[in-house]
Amino acid sequence: MSATPHQPAVTQPAVTQPAVSEREARQVAEAAREQDWRKPSFAKELFLGRFRLDLIHPHPMPAEEDVQRGEEFLAKLRDFCETRIDSARIEREARIPDEVINGLKELGALGMKIDTKYGGLGLTQVYYNKALALVGSANPALGALLSAHQSIGVPQPLKIFGTQEQKDAFLPRLARTDISAFLLTEPDVGSDPARLATSAVRDGDDYVLDGVKLWTTNGVVADLLVVMARVPKSEGHKGGITAFVVEAASEGVTVENRNAFMGLRGLENGVTRFHQVRVPAANRIGPEGAGLKIALTTLNTGRLSLPAMCVGAGKWCLKIAREWSSVREQWGKPVAHHEAVGTKISFIAATTFALEAVLDLSSQMADEDRNDIRIEAALAKLFGSEMAWLMADELVQIRGGRGFETADSLAARGERAVPAEQILRDLRINRIFEGSTEIMHLLIAREAVDAHLSVAGDLIDPDKSLSDKAKAGASAGVFYAKWLPKLVAGPGQLPRSYGEFHPAGHVDLSGHLRYVERAARKLARSTFYAMSRWQGRMETKQAFLGRIVDIGAELFAMSAACVRAELLRTTEAHGREAYQLADVFCSQSRVRVEELFGRLWSNTDDIDRKVVKGVLGGAYTWLEDGIVDPSGDGPWIADATPGASEKENVHRPIR
């Protein structure tokens, strides 16, 4: 597709992947971070060894009108899910029927998070997540469609950063009819956006976009796109990675492929090429160079949509495990009563309770906007995606051969069509979506050590002068003189601390909270010791940082579980059972935490690095003998050279 006669083509600079050093890439990522902490953060304090239970207890509560509006919509949505969604058909045809998507549009599901003044439903984060859990349980691909549209698609960045004109122009469409997608990733650019190559060159009142975007969830059916592109620096233009709202039907936009995956088979995910696409400057979100900051800020709460669907998956796994394990008998009794299976059921039940506790607490804090939840949301995504995968894996194991068998095959031979293997496949992407587990570890670790880098970062920065290092040393001395003594003792050592979590007639959760307080101080001491030991090399100790973050995630989940149990004790009929589940989860979590603490200093990280060098150097190629590689031919990374598309446009907007 070429430019129209009235809009001559813009001569593009040669667009190649920017040559970026490791340090430069980190600087780009650092510049995109929110630098300030204007509000308190429970998780940030936790990593600093300060157990601020007062920030999450008593559990924050939604307003009554929000509850009423949310429950009314959930009732309609449940009826739709039960009567209009055929998950087996979506799996079989690898496509969500248009009538299902149109039905969700009529229901208002595209506008769950959009304000009512723009035609949306104006749901809170809590009820938006409950809706995603419900839809995702009916079919995870549908949950992904709604989440990609509202959590990271056009509505959320416009809500935070858009002009009033942009909101007026786009939000009414997005609330009822138009599907949106978020386009950042490129064939050779994933979590390292410093190398982003898609360009946006200013030409009069427009920008002209050229480039290729990969894994564009919703991109195949989207009407509006959020596109991240690099604006060249020039006179009067700061340049940098910038966000744009792009009409998917614009001249020069081609969806070149609809991708297929091991799970989420109804996902409308593709490859999108931009060739000389003219985008009005009025469609730029925020200033030039603010694209990554906009993306990261959007994800601060947008990440909560993924653990919402993990909670839904956990609830379903528990339901199937309970029903199956009570009727399947081995050696004279139901398999649930055999300890080998029973421990798996206990893990699923306790972990589902904790995941929902983490999700509801984080979501309610997001609604209140009283705390900074960037770490909490990231921990929820990390913990939810990892634990949901484990729960699904355990369900498949409980089901045995039937867990590996497809639902269609089970039905064909007369048994209940339970899609256990499908949920395992569908959940696997969550450990990669919206920041892989490895990237989440690094992102959270950076936030967790922010206080240290703020006062002592110049000490380990090789580019800082001696005078800068001297100033940093002085400020660090003041900070640590006050901070370190507080890590020696705390309420976790007092046997009666947190006594309100040991009400009469219930199991005792106060001991778990004392453990969290002690463990938080130990975590902070471990982090400080590691920074003192490795200094500037700390950022290369990714395995160590991952364990630090995983400990923090467990402590956050334990705290949320206890707080939720106490809330349910005082407001619901299931307080006793909630206390039991919280107790079991915390007991299981403490075992994992102790193992992680041990692995901070006793591990194979050093020898692992040696083996990696050997593998990449070809020292072990002999180990690969005796196999046949069924992989096809072709480059490891597809060519993304800008230019006109030579492929058929498979874009199919749904009307």
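Computed values, structure above
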{"quantity": "Distance between segment 227-263 and segment 171-220 - C-alpha centres, whole angstrom", "calculated": "3"}
{"quantity": "Structure-based [θ]222 nm, the chain - -39500 (n - 2.57) summed over DSSP H runs of at least 4, per residue, nearest 500", "calculated": "-17000 deg cm²/dmol"}
{"quantity": "Over segment 393-508, equivalent-ellipsoid semi-axes from the Cα gyration tensor in Å", "calculated": "51, 28, 8"}
{"quantity": "Reciprocal mean inverse distance between Cα atoms of segment 435-586 - Kirkwood radius, Å", "calculated": "17.7"}
{"quantity": "Cα-derived Rg to Rh of segment 199-333, Kirkwood definition", "calculated": "1.22"}
{"quantity": "All-pairs Cα distance distribution in segment 499-589, expressed in whole percent, bin size 10 Å", "calculated": "16, 39, 22, 15, 7, 0"}
{"quantity": "Local net charge near R273, Cβ-Cβ under 14 Å (Lys/Arg +1, Asp/Glu -1)", "calculated": "-4"}
{"quantity": "Rg followed by Dmax, in Å, when segment 344-402 is reduced to its Cα trace", "calculated": "14.2, 49"}
{"quantity": "Dipole of the chain, positive end: most advanced residue of T297, L487, I432 [Cβ charges, Cα centre]", "calculated": "L487"}
{"quantity": "Whole-percent carbon and sulfur share, accessible surface of segment 584-655, 1.4 Å", "calculated": "57"}
{"quantity": "Cα coordinate range in segment 403-468, projected on the principal axes (Å, largest first)", "calculated": "78, 18, 15"}
{"quantity": "Whole-percent pair-distance distribution, where bins are 5 Å wide, for the alpha carbons of segment 140-185", "calculated": "5, 22, 30, 25, 12, 5, 1"}
{"quantity": "Carbon plus sulfur fraction of accessible area for segment 308-357, probe 1.4 Å, in percent", "calculated": "57"}
{"quantity": "Alpha-carbon Rg/Rh ratio, for segment 364-442, with Rh computed the Kirkwood way", "calculated": "1.17"}
{"quantity": "Low-density loop positions, GluC sites (Glu not before Pro), segment 463-551 - DSSP coil, at most 11 other Cβ in 10 Å", "calculated": "none"}
{"quantity": "Equivalent-ellipsoid semi-axes of the chain, from the Cα gyration tensor, Å, largest first", "calculated": "38, 34, 26"}
{"quantity": "Distance violations [Cα-Cα > 27 Å] among K130/K159; K482/K522; K39/K113; K44/K344; K469/K613", "calculated": "K44/K344; K469/K613"}
{"quantity": "³J(HN,Hα), Karplus 6.51/-1.76/1.60, whole Hz, each residue of segment 293-308, x for Gly, Pro", "calculated": "4, 5, 4, 5, 5, 4, 6, 3, 9, x, 5, 5, 5, 5, x, 4"}
{"quantity": "From phi via Karplus (6.51, -1.76, 1.60), per-residue ³J(HN,Hα) for segment 493-506 in Hz, x at Gly/Pro", "calculated": "9, 9, x, 9, 5, 6, x, 5, 9, 9, x, 4, x, 10"}
{"quantity": "Charge sum, other residues only, whose C-beta stays under 13 Å from F383's C-beta, Lys/Arg counted +1 and Asp/Glu -1", "calculated": "-1"}
{"quantity": "Neighbour cut-off at most 11 other Cβ (10 Å), DSSP loop, chymotrypsin sites (Phe, Trp or Tyr not before Pro), segment 31-100", "calculated": "none"}
{"quantity": "FRET E, pair D79, S467, Förster distance 51 Å, beta-carbon r, rounded to 0.05", "calculated": "0.15"}
{"quantity": "Distance cut-off 19 Å, percentage of C-alpha pairs in segment 477-532 lying past it", "calculated": "40"}
{"quantity": "Residues with amide H under 5 Å from that of R202, placed H, sequence gap 5 or more", "calculated": "V208"}
{"quantity": "Taking all pairs of distinct alpha-carbon atoms in segment 554-635, Kirkwood radius in angstrom", "calculated": "17.4"}
{"quantity": "Selected from A194, L142, I179, residue furthest toward positive end of dipole (segment 141-220; charges at beta carbon)", "calculated": "L142"}
{"quantity": "Average silhouette area of segment 99-167, convex hull of alpha-carbon atoms, in square nanometres", "calculated": "4.6"}
{"quantity": "Neighbourhood net charge (15 Å Cβ-Cβ; Lys/Arg +1, Asp/Glu -1) for P491", "calculated": "+4"}
{"quantity": "FRET E, pair R576, H338, Förster distance 35 Å, beta-carbon r, rounded to 0.05", "calculated": "0.85"}
{"quantity": "√(5λ) per eigenvalue of the Cα gyration tensor, segment 80-208, largest first, Å", "calculated": "28, 20, 13"}
{"quantity": "Carbon plus sulfur fraction of accessible area for segment 371-437, probe 1.4 Å, in percent", "calculated": "55"}
{"quantity": "Residue-normalised accessible area of the chain, given per residue in Å² at a 1.4 Å probe", "calculated": "45"}
{"quantity": "DSSP bridge orientation in the chain - percent antiparallel, rounded to nearest 5", "calculated": "85"}
{"quantity": "Inter-centroid distance (Cα atoms) of segment 487-566 relative to segment 362-424, Å", "calculated": "26"}
{"quantity": "Calculated FRET efficiency for the pair R592/A644, C-beta based, R₀ 60 Å, to 0.05", "calculated": "0.65"}
{"quantity": "Rg ratio (alpha-carbon, reference 2.2 N^0.38 Å) - segment 166-230", "calculated": "1.24"}
{"quantity": "Angstrom value of the Kirkwood radius, inverse mean 1/r, which spans all Cα pairs in segment 244-297", "calculated": "13.4"}
{"quantity": "Cleavage-rule hits, trypsin sites (Lys or Arg not before Pro), segment 389-430, DSSP coil, Cβ neighbours within 10 Å at most 12", "calculated": "R413, R416"}
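The values are calculated or read from the model by the stated rules, or taken from the named source; none is laboratory data. All of these numbers come straight from a predicted model, not from anything done at the bench. Please note: Cβ atoms are built from the backbone with ideal geometry, for glycine as well, and neighbour counts cover all protein chains shown. What goes into the accessible areas is simple: the full protein's heavy atoms, side chains included, and nothing from ligands, DNA or RNA. Shrake-Rupley method; radii C 1.70, N 1.55, O 1.52, S 1.80 Å.
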